[in-house]
Amino acid sequence: RCHAGLECRAVSFRSGRSSLVAIVGRTFTNADDYRRATERAISGDWAHHSPDEFFENVLMSRSPNDLEQAIRELKAIAIEESANLKGESKPDELTNTAIDERHPKIVSEGADDAAQKDDSTTAETQGLLSRTRASDITEWRSFFGSLLQLDYADASAATLKFISEQFGLGSLIWLKRNGNRLENSTEFGKLKDRRVRLGIAAGDKRLVKALADGKPLELAERPKGAGADQIRKLNLFPIGIAGEVSAAIAVLDPIVSDIHKDQIVRICRSMAQQLEILRLRREVARGDTVSNAVRRFSESLKRLDNEDLWISLTQNAAEMLKAERSSLLVFDEESGQFQVKAILGTDLSLAGDQAIGERIAKYVYTTKRAIAVADISKAGLWPGTQDRHYKTPSFLSSPISVGDRVIGVMNFADRACGESFDKAALDLFEAIAPQLAVAIDRAKLKEIAGQFEQLSVTDALTGLLNRRYMVERLMEETKRSNRHGYPMSFMMLDVDEFKSYNDNFGHPAGDEALKLVGNVMRETLRGADVASRFGGEEFAILLPQTTSDEARTIAERIRANIEQAKFPHRTVTISIGVASCTAELCRDADLISAADKALYRAKRGGRNRVLAFEDKDYQHSGPKE
């Protein structure tokens with residue numbers, strides 16, 4: 001078992017005149033291992049690898065027994081080949097073993113089991129078994145071998161088509177797991193473009209038992225007003241690994257043969273491994289997509305024009321979600337109405353519309369919950385007025401929050417190419433929402449408070465925010481981190497030997513040096529980071545949704561940039577102390593105190609270095625002697 005959680009076996013044997021050792025495996029054998037691998041690939045130490053290449057040769061097995069079975073098959077092949085080289089005849093039992101083990105058990109075992117259960121097997125069934133063992137097995141093996149060449153969505157669609165063609169079924173649905181719900185993902189045949197709600201959870205005991213027993217779960221429904229003979233039945237075939245249901249196939253056509261049911265069950269069992277690999281790749285690729293999107297959005301915030309800030313923010317967010325129409329609304333508590341700060345994709349002027357936001361935005365604002373709707377006509381919401389000319393029925397609406405405060409609502413409609421807003425779109429928006437919230441909060445502060453009030457939270461010398469604002473924002477972000485489990489980091493910075501700088505070159509020169517330090521910090525930080533002058537030559541930076549390792553990297557970048565910057569009289573360096581939220585350390589006062597202690601240790605350990613609160617080595621970071 002390697003450090004990545006993969007299991008392998010080493011087996012030695014002779015083939016002809018050669019002595020060989022084969023490594024069999026590179027497989028996950030339980031759910032916890034592949035979950036950990038997913039997390040490491042999305043946001044951990046594997047994130048820099050390409051997911052397609054990284055997981056290309058990684059398999060998923062139901063248990064370590066699969067490895068032992070692979071070893072037996074390998075030995076059987078070696079013995080067989082050795083006999084061929086010597087010109088010996090192969091024993092019948094060896095030949096049968098090799099053939100049986102090389103062929104998928106899905107078909108032959110399923111057919112044999114069913115035949116043993118029913119001694120009155122008809123000639124038609126016997127013909128089916130014969131065809132399955134002979135001609136169909138090539139097609140089945142080809143299908144399973146092709147799955148890993150597809151993405152998850154295409155693999156699910158291909159599976160429904162394959163089952164339909166093999167068993168003559170015309171009404172099938174692929175259900176994928178979302179949280180603890182099973183949701184329609186792909187419909188086939190007569191159910192194409194129809195939404196069928198089953199109302200069964202992925203963790204339903206009946207479904208989990210069906211997965212363990214290797215049987216479909218049969219559900220029955222009597223339509224309103226229908227007679228006793230009009231009950232509709234549905235067979236639900238669960239797909240999963242390690243006792244957890246990850247997807248299911250719903251068949252609404254009658255399945256008259258138990259053999260067919262057994263074979264569909266075995267299809268689901270055999271493809272579960274490939275599907276988990278595809279799901280793993282999809283999650284890693286999605287994490288990579290979100291990470292790149294957040295990085296691009298952060299860069300775009302640095303280039304915003306203050307004069308058109310509201311429009312620029314809305315446009316950047318709309319481009320990220322590929323939405324042709326979007327709006328940004330801010331709720332005015334005095335009037336009890338929404339103010340339209342920006343609207344894109346329509347010539348209509350909605351600034352004076354008192355009903356703006358009453359249809360959807362107010363619900364989102366009040367409940368603090370984002371919603372993504374594929375079709376508004378089926379969501380229990382009344383559509384917009386005809387003069388707005390929406391192209392598609394899908395929309396996304398999300399609150400913009402700073403801590404516990406909802407400061408606005410963003411709406412998106414008319415997604416490019418007619419696509420619907422789905423969970424992936426919602427996840428993408430929620431990834432950029434913290435940066436968006438900081439920018440909106442600042443813009444809102446300037447508008448509401450005016451220039452005079454703005455001065456009360458801004459340091460006059462450096463133009464950075466002051467200590468008062470930082471303490472309030474730190475309290476809000478700490479609550480957010482505790483509630484949602486988001487990472488968060490905080491750092492304290494101090495200019496090294498600043499007193500001697502003032503003494504040697506005068507206080508005006510010292511003020512100019514502090515301005516330059518503030519400018520370097522602004523240019524180095526990301527759009528969502530909050531920098532402030534904490535007092536004197538001391539600065540503080542709040543880094544929302546930032547892990548300890550990421551904070552160290554950012555701190556080191558700031559330290560190096562200031563050391564390399566050109567100051568009028570001499571080189572200026574800084575020392576930095578970093579503290580990050582943990583289960584024990586995530587209160588605002590604690591973070592400030594922890595970062596300050598780390599800063600003190602960094603200065604005492606030689607200055608011009610970065611030290612985290614949890615570090616024991618004073619020389620952890622900084623220039624080498």
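For E512 and D549, what is the calculated FRET efficiency with R₀ set at 25 Å and r taken between the beta-carbons, to the nearest 0.05?
Given R0 = 25 Å and the Cβ-Cβ separation, E is 0.15.
Would you kindly state how much longer the chain becomes between R181 and K209 on full extension, computed as 0.36 nm times their sequence separation minus their alpha carbon distance, in nm to one decimal?
8.4 nm
Please arrange C8, C581 by accessible surface area, largest first, computed with a 1.4 Å probe and ligands excluded.
C8, C581
Mind checking the per residue accessible area of the range 521-586 for me, 1.4 Å probe, whole number of Å²?
About 40 Å² of surface per residue is accessible.
With a point put 7 Å past each Cα toward its Cβ, work out how far R232 is from S19 in nm, to one decimal.
Between R232 and S19, the simple spin-label model gives 6.8 nm.
Among C2, C417, what's the order by accessible area (1.4 angstrom probe), most exposed first?
C417, C2
Put K391, K176, K368, K566 in order of accessible area, largest first, 1.4 Å probe: what do you get?
K566, K391, K368, K176
For the range 68-77, just list the computed ³J(HN,Hα) in residue order, Karplus coefficients 6.51, -1.76 and 1.60, θ = phi - 60°, integers in Hz, with x standing in for Gly and Pro.
5, 5, 4, 5, 4, 5, 5, 5, 5, 5
Once the whole set of protein chains is in place, how much accessible area is left on E472, using a 1.4 Å probe, in Å² to the nearest 10?
Approximately 90 Å² of E472 is accessible to the 1.4 Å probe.
Quote the FRET efficiency, to the nearest 0.05, computed for K190 versus D427 with a Förster distance R0 of 35 Å and r equal to the Cβ-Cβ distance.
So, using R0 = 35 Å, E works out to roughly 0.60.
Please find the FRET efficiency linking A157 to V256, where r is the Cβ-Cβ separation and R0 is fixed at 25 Å, and quote it to the nearest 0.05.
The calculated FRET efficiency here is 0.50.
What is the distance, in nm, between label points placed 7 Å from the Cα along the Cα-to-Cβ direction at R607 and at C586?
Spacing of the two 7 Å Cα→Cβ label points: 3.7 nm.
Taking H as built 1.01 Å from N, whose amide H comes closer than 5 Å to the amide H of F421, not counting residues under 5 places away?
F395
Convert each backbone phi in the range 492-498 into a coupling constant with the Karplus relation 6.51 cos²θ - 1.76 cosθ + 1.60 (shift: θ = phi - 60°), then list the ³J(HN,Hα) values in order as whole Hz, x for Gly and Pro.
With coefficients 6.51, -1.76 and 1.60, one gets 10, 10, 9, 6, 5, 6, 6 Hz.
If I stretch the segment between A220 and K368 completely, what's the gain in nm (0.36 nm per residue apart, minus their alpha carbon distance), one decimal?
Additional length available on full extension: 49.5 nm.
Give a residue-ordered list of calculated ³J(HN,Hα) values for the range 515-528 (Karplus: 6.51 cos²θ - 1.76 cosθ + 1.60, θ = phi - 60°; whole Hz; x for Gly, Pro).
Karplus values, whole Hz, x for Gly and Pro: 4, 5, 4, x, 5, 4, 4, 4, 6, 8, 6, 7, x, 8.
Please work out how much accessible surface K479 shows to a 1.4 Å probe, ignoring ligands, DNA and RNA, in Å² rounded to 10.
Spelled out: K479, probe radius 1.4 Å, area about 110 Å².
Using protein chains only and a probe of 1.4 angstrom, how many square angstrom of R141 are accessible, to the nearest 10?
120 Å²
How much length is gained if the chain between Q149 and E244 is pulled fully straight, taking 0.36 nm per residue apart and subtracting their Cα-Cα distance, in nm to one decimal?
31.8 nm
The values are calculated or read from the model by the stated rules, or taken from the named source; none is laboratory data. Not measured: the values here are computed from a predicted model. Here Cβ is always computed from backbone atoms with ideal geometry, including for glycine, and neighbour counts include all displayed protein chains. These area figures cover heavy atoms from the full protein model, side chains too; ligands, DNA and RNA do not enter into them. Shrake-Rupley method; radii C 1.70, N 1.55, O 1.52, S 1.80 Å.
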